[in-house]
Amino acid sequence: MSSSVQKYEVGDYVMHESAGVCKVASIEECALQGKGSEKLYYKLLPVYHTDGQITTPVEDKNHRIRDVKTSEEMQSILDHVDELTVVEERNERTRQEKIKAQIALFDPKPLAGVVKTVYLRKKKRLSEGKKAMSVDERILQQAGARLFEEMAFAMKSDLASVQKNFFAVLDAHL
């Protein structure tokens, strides 16, 4: 049996870096890399994407899972949306790298800053009669999905309402 320290129990909800909010379905010892490599793994069921499951090590050096933020923490992001850091960079490649770095922090506050950055840029382009950039649409979709899923789960709301509320609060601070 592995000597891994188990942080979560079956039935707990966690945030997974790519699958979003997940429920711990089971904790199993597996040898995913062949005989002799037995380790404990969490089997996670995504809450908002019901197709499939995620297997991640209990002893996770890469920190792929964390606690879901509280309703209060999410409300604080909404209450301070005007203070969220915007990625300001004229060079497109550097801007994309900075945005990826913010997403990689695996935290809703910088993620909200990314959503704000892309949303404001999109609004500006549209007001100038330009099209929204496809790269911005992809970022908004990816970062928005992660942020709004966790926010909806923590605040016991639905995705559409949370997203609508976030952008309404953002627009009110412009």
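Structure summary
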quantity: Separation in nanometres of the label points that stand 7 Å from Cα toward Cβ, at Ser161 and His80; calculated: 2.5 nm
quantity: Set Lys39/Lys69; Lys43/Lys116; Lys23/Lys109; Lys130/Lys156; Lys43/Lys98 screened for pairs whose C-alpha atoms are more than 29 Å apart; calculated: Lys43/Lys116; Lys130/Lys156; Lys43/Lys98
quantity: Candidate values (1) 1.18; (2) 0.98; (3) 1.03, label of the one derived for Cα Rg over 2.2 N^0.38 Å; calculated: (1)
quantity: Angle in degrees between helix 134-154 and the longest Cα principal axis of the chain, rounded to the nearest 10; calculated: 60 degrees
quantity: Top positive-direction residue, dipole computed over the chain with Cβ charges, set His16, Ile139, Ser76; calculated: Ile139
quantity: Net charge of Cβ neighbours under 10 Å - reference Lys69; Lys, Arg +1; Asp, Glu -1; calculated: -3
quantity: Potential extension, Asp12-Glu73 segment - 0.36 nm per residue separation minus Cα distance; calculated: 20.1 nm
quantity: Per-bin percent of Cα-Cα distances, segment 71-172 [5 Å]; calculated: 2, 13, 24, 27, 19, 10, 4, 1
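Bear in mind that the values in this text are calculations on the coordinates, not laboratory data. These numbers were taken from a predicted model, which means no experiment stands behind them. Methodologically, a virtual Cβ is constructed for each residue, glycine included, from the backbone with ideal geometry; neighbour enumeration extends over all protein chains shown.
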